[in-house]
Amino acid sequence: MLVRLMYASRATATPADADLAAILRISREHNPAEGITGLLCFTDGVFVQVLEGGRNAVNARYKHIVQDRRHHDVILLGYEEITERAFPGWTMGQVNLHRLNPALVLKYSESGKLDPYAMSGDAMAALFKEMCASGAIAVS
Ligand code: FAD
């Protein structure tokens, strides 16, 4: 039984590149063993992450992530049962904002600025899918 979970959160302090790299590193260490794939985006003090995998694994990992003091104001943007993964290729892909076309963000939001708190979960999921299709995902 596969599920997709998506959330947004606010960074407690502006993370340096090394801090983001540390989060991605630990994610890429843990997630494969748990069968979890997904994407992590950080912009303007806000994280947005999509996690896909088995229901128990995703629920447990999310519970763990929510308690991380590096972020707060965690809001669930979406949680659904799925028949197949939309983001199977990334143990935790990072969205490269330099490769993100503002017109793509504008397609799904009120302004060209990415603000997951002002977007529906469906719109955010659709944007993530287009990011993948347009090559905006930096590393696997
Ligand atoms: P520990 O390493 O023992 O950490 C316990 C607590 O210490 C953490 O919750 C955190 O509050 C703090 N901490 C740990 N390392 C640091 C650090 N370098 N700097 C500051 N504080 C720190 N983990 C995954 O496995 N998969 C994911 O997909 C994933 N996504 C994440 C997304 C975000 C936005 C954030 C902030 C964290 C994410 N993590 C992810 C990390 C996760 O929250 C845990 O820190 C990690 O899984 C290690 O768990 P642990 O029990 O070994 O915690």
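One table, with the values for the structure above:
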{"item": "A22-H72 FRET efficiency (beta carbon distance; Förster radius 22 Å; 0.05 resolution)", "result": "0.75"}
{"item": "Gain in span if fully extended, T43 to E110, counting 0.36 nm per residue against the direct Cα distance", "result": "22.5 nm"}
{"item": "Mean residue ellipticity (222 nm) of the chain, computed from DSSP H runs ≥ 4 via -39,500 (n - 2.57), nearest 500", "result": "-11000 deg cm²/dmol"}
{"item": "Accessible-area composition of the chain, carbon plus sulfur, in percent [1.4 Å probe]", "result": "51 percent"}
{"item": "The chain - accessible surface per residue (Å², probe 1.4 Å)", "result": "52 Å²"}
{"item": "The stretch 2-138, dipole about Cα centre (Lys/Arg Cβ +1, Asp/Glu Cβ -1), debye to the nearest 20", "result": "180 debye"}
{"item": "Top of N31, N101, N59 by mean-square fluctuation, Gaussian network on the chain, Cα under 10 Å", "result": "N101"}
{"item": "Among T83, T12, T91, residue whose mean-square fluctuation peaks in a GNM of the chain (springs only between Cα atoms under 10 Å)", "result": "T83"}
{"item": "Contact order normalised by residue count of the chain, Cα under 8 Å, 6+ apart, percent", "result": "32 percent"}
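The values are calculated or read from the model by the stated rules, or taken from the named source; none is laboratory data. Owing to the predicted nature of the structure, the values given are computational and were not obtained by experimental measurement. Please note: Cβ atoms are built from the backbone with ideal geometry, for glycine as well, and neighbour counts cover all protein chains shown. These accessible areas exclude ligands, DNA and RNA; they are computed on the full protein's heavy atoms, side chains included. Shrake-Rupley method; radii C 1.70, N 1.55, O 1.52, S 1.80 Å.
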